[in-house]
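The structure under discussion appears below in the form of structure tokens.
The values are calculated or read from the model by the stated rules, or taken from the named source; none is laboratory data. Treat the numbers as computed from the prediction; the structure is a model and nothing was measured. Note that each Cβ is placed from the backbone with ideal geometry, even for glycine, and that neighbours are counted across all protein chains shown. Side chains are part of the model used for accessible areas, which takes the heavy atoms of the whole protein and leaves out ligands, DNA and RNA. Shrake-Rupley method; radii C 1.70, N 1.55, O 1.52, S 1.80 Å.
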Amino acid sequence: VESFDGFVAARGAALLRFAYLVSGDRHAAEDLVQSALAKAFRRWSTVSPEPRGGSVTASPGMDIEARGAAWQLLATLPRRQRAVLVLRFYEDLDDDAVARVLSCSPSTVRSNAARGLAALRRLVPTVDTEALP
Amino acid sequence: MTEDPAVRLLRETLTAHESEAPEPGNLANAARSRAAAAGRTWWSGVVAAAAVVFVVIGIGAALVRGGNGGVKIGPASPSSVAAVTHSPAVSTPGSAAPQPTVDSTSSPLWVPNRPPPDGWKLVSSLGVELAVPKDWPVVGAIAGCDPLPAAFVERGGGAVAGCGYTEPATFTLVQIERLSTMRVLGSAGAPATGDASAGRAPGPSPSPQPLNRLPASFTERALADGRTEVALSFEDRDAVVLLRGPDKDLLFKVFGTVQLADLDSVGCPAVLAPPPVWDRADRGSVPKVGIGNADRVTVCAYSSGPGEASPRLAASAGLTGSAAVPVLKALDSASAGRNPDADPADCLPSTPELSRLVLLLHHPGGAVDQVQAHHDGCRNRYVADADGQSRVTIPLLQAAYGALGMGFATNVAG
């Protein structure tokens, strides 16, 4: 069983990244993570952190302009939708796990993910199929 | 399989921006300082999750929750609340039911005596009881992504907004909460939109007046979205009833049902009584807790707030028929003895027991057996009655807290 300090050392940076990606605000991310950890600390005897999976690695591919547009679009999404996208595709949680985190049904997770991806899809650089041989 | 280009774009975008997140610094110490300050982290409530998810929930909840403003409690409207006084010699069925911790030499015992209107139900918390339409959900924590119902009652744990929400102008909220909590959160009387500049009409100046021998105060405000918000605070009880919704007549109908309840309508004392002599961890060799022929269960959930001498009733429910079965079945299935203590390396010896369940098992002949369930903390977890002791189990906690619409926190296994 992990100690509080050990947990924070292992997961603090990831929590900050998660909070930042969901909120889009550095100060809010710091504040919220501290607040959440304080809550966890008070109840540490009742918290059993689960082992985490591997980290996400990204391969460069999409152009920087598309990523910039996507980041801007993320900021405009409803918070629930943005949280679903970050948990599902950044934290790599499956639908059931995202649903547990957000206290909603897996179908709600899927519908939010679908809506968010549909919005993003409009930004994906399109291939000019007519130009293909 | 080729990855969806939109998913790929999303992953790359998020990864490209992750480096902009703040550095961790000494997060652990910062968190400890906040915990010691007993600020909003204490009050924001806990929807139990024994995992890293617990932490993430806290973050997600805070991220998506709207902001709140302040509150001012004004002159009382004594006619809007009724309560009756009884002598402390409350007649409670059976011999082992807990009695309220009321000083009979100085305090009257308040017991609600008015039934709910037809089609309504009673809801109790923190020594206050009120009635709402039967179809209104009663929850201990706001936690969900699904659309808000038209109305709900929140009591027993404070709000954790799992996905966040903005209250629509059609939404009705009834909330029973510690007054001190509301002040810490700054949420009593706050604009429903979370916008402090939402432009509500100015409220009356604070001037608490006696209400049925208790100091209580009342405010009514018009919210910017057209709804009305009314609040009734009981300073002596550290309790507040807050209502806001579009139908002012309905709000005042609910408001008119508010009663004080040192012992509520299902038989739960507002303050947890001192433990019976048999309620101790080291019982030696005793049988498991028996349910006999019990066919009804009263569930009383208690929580402790900062500075409170005794745990206070967070939520209660009277379970009959099939609703009582899961609790009785879980209780009957538990093994004798107490739960093993958690690893001392992860116990915080200074952490007090913050929540407790008391179950009243009602038998057809009228007898009532009291059961104490200690599930909080990392040691001394057990279920006990006058004759026996059993382990606390997750199915029992799920059944009991589920009936209350509350989350719970525990690290007992199985």
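If a residue must be open to solvent by 40 Å² or more (accessible area, probe 1.4 Å) and within 17 Å of B:V325 (Cα to Cα), how many such residues does the range B:356-393 contain?
Taking the range B:356-393 first, the residues open to solvent by 40 Å² or more (accessible area, probe 1.4 Å) are B:364-365, B:367, B:369, B:379-380, B:386-387, B:391.
With the extra rule that they be within 17 Å of B:V325 (Cα to Cα), the set shrinks to B:364, B:369.
Residues in the range B:356-393 being open to solvent by 40 Å² or more (accessible area, probe 1.4 Å) and within 17 Å of B:V325 (Cα to Cα): 2 in total.
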### Residues satisfying the stated conditions in the range A:85-98, i.e. of a type in the set (V, I, T) and at the interface with chain B (Cβ under 8 Å from one of its Cβ atoms)
A:V86
### Task
Check the range B:247-261 and report whether any residue there is more than 20 Å from the chain's Cα centre (by Cα), small (G, A, S) and outside any strand (DSSP E or B).
yes
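Residue by residue, here is whether (1) on the phi > 0 side of the Ramachandran plot; (2) at pLDDT below 55 holds:
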residue	(1), (2)
B:E167	no, no
B:T170	no, no
B:T181	no, no
B:T193	no, yes
B:G203	no, yes
B:Q209	no, yes
B:G226	yes, no
B:R237	no, no
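Given the range B:296-414, what strands (runs of 3 or more DSSP E) lie entirely inside it while holding 1 or more residues that are within 23 Å of B:P275 (Cβ to Cβ), more than 13 Å from chain A (Cβ to nearest Cβ) and of a type in the set (K, R)? Give the steps one after another, and end with the answer.
Working: elements: B:296-303, B:312-320, B:355-362, B:368-374, B:382-384.
Passing ranges, in order: B:312-320, B:355-362.
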### Query
Of (1) open to solvent by less than 30 Å² (accessible area, probe 1.4 Å); (2) in contact (Cβ under 8 Å) with a residue 40 or more places away in the chain; (3) not polar (S, T, N, Q), B:V286 satisfies all except one. Which?
(1)
